[in-house]
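Enquirer: This is the structure I have questions about; it appears just below.
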Amino acid sequence: MAYDSFREFLSQLEAAGELKRFPQPVATELEISEIADREMKKPGGGQGLLFEKPTVNGQVSPFPLAINTLGSHRRMALCLGADSVDAVAAELGSIIKTKPPTSFREAMKLLGTALDLRHAKPKLVKSGPCKEVIRKFDTPPARIDPWPPAPDWRAPTTLSPKPPTLLNLPIQQCWPLDGGRFITLPCVVTKDPDTGGRNIGMYRMQIYDGQTSGMHWQLQKVGARHGRRYYETATRMPVAVFLGGDPACTFAATAPLPDGLDEFLLAGYLRRKSVELVKCETNDLEVPANADFVIEGYVDPREPLREEGPFGDHTGYYSLPEAYPVFHITAITHRKDAVYPATLVGVPPMEDFYLGSASVKLFLPVFKMNFPEIVDIALPSEGVFHNLVFVSIRKSYPMQAYKIMHGLWGMGQMMFAKYIVVVDHDVDVHNTSEVLFRLCANTDPQRDSIFTKGPADVLDHATTDLAVGSKFGIDATHKLPGESHKRGWPPLIRMSDAVRKKIDLLLKASNP
């Protein structure tokens, strides 16, 4: 399902009972975070939250703020216009497994699949709602309107808000020790200067003043790779940031796609409709026409880096200050009825757990293409995305679990996984208790574990050095001959199917 606006998605959430509104003023300084944190930690992720009158330094913003809108399995499914994320993953998996046709009938079936995918390619349009209000910073605004009353999000106001800067958007200070206010859900658009390949990443942005922010693209991210090429040639790097619009684009920005694969292709496939793009006002980058906000600008490689942070991060700890590029704002455009989207990270579980879970489900078919023995993968919330990975496999030969560990460590963002636990196919990896039972029962610590080294998450404060660390893999599968287990392997205690069925019938008859 394609959403024409972020507001349309919020309406869908409310109709499904997945949205809670706060009509009273609530401060963007810490107060929204406290409410959101309590909501995210409710069973199943609570509800999405809409703050109709967020305040900035005590002044009501003309823009509502929405948070935790993707923070449950159901809201993620609504984002993708499906009954469940599993259904989307199954459909994508069937396409990936498509083989070359061997008959006319198969050719027609394959053609139907191809036609179904024709909407995936983004298309350029002349203008869109994201340009209803345009503020360029190379010249002073012709007129500055006073702050209007906060609009009712269901009945958008026609009043123009005060020309925006980074200081009057409802940008949060999330946690007490944060270095300032941070944009937490920015979709950052960059292009490879050599190939023209586009990337949309999500890198937090600390606000320095009305026209500058930090650009926290980490060492291993694609945006940082693009940046290094501009730094090598000492040429100004165009950057665009969009917020809101169809949430499929926001999800695509967080997805672990291979470098060079356009996230707008994934968004177009998920929404079953091409993402319409418009050119920015002050650079040649393209952004979704239905976005709520677009922040245009550049990074100048001739300029020294600037300290960014601290920031209360998804690790559950504050990431310490580090030097990052400065993003200079040349324009801000937005819809007249814009809603500011935000998220909050911290001690898990938080909204990002559901985003990560959806990505794992969606790309599980890709993992299975490379490793057919994989049954399922889970990233428990306690592992804050990639620190802890549970994998179940159909084991058929000795040391197969180690093959999976090394293979996963070599795949994209799985390189950041600190701990990988491999279990047998009959284990539900989404049940942490069941995995821990097998881990404790099926392992000899010295025999069934391995240490190795590799890249680490820049945000991991526990590593001895920045961005490099060690990995620990555990083989919790049953042991086969050749795996240094010299005794017989006992069977797991299970009741026979016949007895189970008989008792099911007996209990049903006893409790009609």
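Enquirer: Evaluate the stretch 307-324: report whether one residue or more is farther than 25 Å from residue 461 by Cβ and not acidic (Asp, Glu).
Expert: no
Matching residues to (1) in contact with a helix residue (DSSP H, G or I) (Cβ under 9 Å, 6 or more places away or on another chain); (2) in contact (Cβ under 8 Å) with a residue 24 or more places away in the chain:
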position	(1), (2)
198	yes, yes
201	yes, yes
214	no, yes
220	yes, yes
228	no, no
236	yes, yes
243	yes, yes
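Enquirer: Out of 457, 497, 465, 504, report the one residue that is in contact with a Gly (Cβ under 9 Å, 6 or more places away or on another chain) and among the acidic types (Asp, Glu).
Expert: Being in contact with a Gly (Cβ under 9 Å, 6 or more places away or on another chain) and among the acidic types (Asp, Glu) holds for just one of 457, 497, 465, 504, which is 457.
Enquirer: Look at the stretch 350-370 and say how many of its residues are surrounded by fewer than 19 Cβ atoms within 10 Å (Cβ to Cβ) and within 21 Å of residue 182 (Cα to Cα).
Expert: Going through the stretch 350-370 one residue at a time, the tally reaches 0.
Enquirer: Right, next: Pull up the stretch 205-223, narrow it to residues that are of a type in the set (Gly, Ala, Ser) and crowded, with 20+ Cβ neighbours inside 10 Å, then point me to the one that is modelled with the lowest pLDDT.
Expert: 223
Enquirer: Taking the stretch 412-428 as the search range and keeping residues that are surrounded by fewer than 22 Cβ atoms within 10 Å (Cβ to Cβ) and hydrophobic (A, V, I, L, M, F, W, C), which one is farthest from the chain's Cα centre (by Cα)?
Expert: 415
Enquirer: Could we say that residue 267 is of a type in the set (A, V, I, L, M, F, W, C) and more than 15 Å from residue 3 (Cβ to Cβ) here?
Expert: no
Enquirer: Quick one: count up the residues across the stretch 30-63 that are modelled with pLDDT of 95 or more, part of a loop (DSSP other than H, G, I, E, B) and either of a type in the set (S, T, N, Q) or in contact with a Leu (Cβ under 6 Å, 6 or more places away or on another chain) (or both).
Expert: Going through the stretch 30-63 one residue at a time, the tally reaches 1.
Enquirer: Do any residues in the stretch 331-347 that are farther than 29 Å from residue 319 by Cβ have Cβ atoms under 6 Å from those of residues that are among the basic types (Lys, Arg), where the two are at least six apart or on different chains, and which pairs are they?
Expert: 331/136; 333/131
Enquirer: So how many residues does the stretch 456-477 have that are assigned to a loop (DSSP other than H, G, I, E, B) and touching a Pro at 6+ places or on another chain (Cβ under 9 Å)?
Expert: Matching residues across the stretch 456-477 total 1.
Enquirer: Also, I was wondering about something else. What number goes with the only condition from (1) surrounded by 21 or more Cβ atoms within 10 Å (Cβ to Cβ); (2) of a type in the set (Ser, Thr, Tyr); (3) under 18 Å from the mean Cα position of the chain (by Cα); (4) at pLDDT below 95 that residue 343 does not pass?
Expert: The single condition residue 343 does not satisfy is (4).
Enquirer: Give 494, 487, 438, 447 a once-over and let me know the one that is crowded, with 17+ Cβ neighbours inside 10 Å and farther than 24 Å from residue 257 by Cβ.
Expert: 438
Enquirer: Out of all the residues in the stretch 424-455, which are farther than 18 Å from residue 382 by Cβ and assigned to a loop (DSSP other than H, G, I, E, B)?
Expert: Across the stretch 424-455, the qualifying residues are 425, 426, 442, 443, 444, 445, 446, 447, 448.
Enquirer: Could you check the stretch 388-411 and list, in sequence order, the residues that are closer than 26 Å to residue 347 by Cβ and surrounded by fewer than 18 Cβ atoms within 10 Å (Cβ to Cβ)?
Expert: Within the stretch 388-411, none qualify.
The values are calculated or read from the model by the stated rules, or taken from the named source; none is laboratory data. A quick note: this is a predicted structure, and the numbers were derived from the prediction, not measured. Cβ atoms come from the backbone with ideal geometry, glycine included; neighbour counts cover every protein chain shown.
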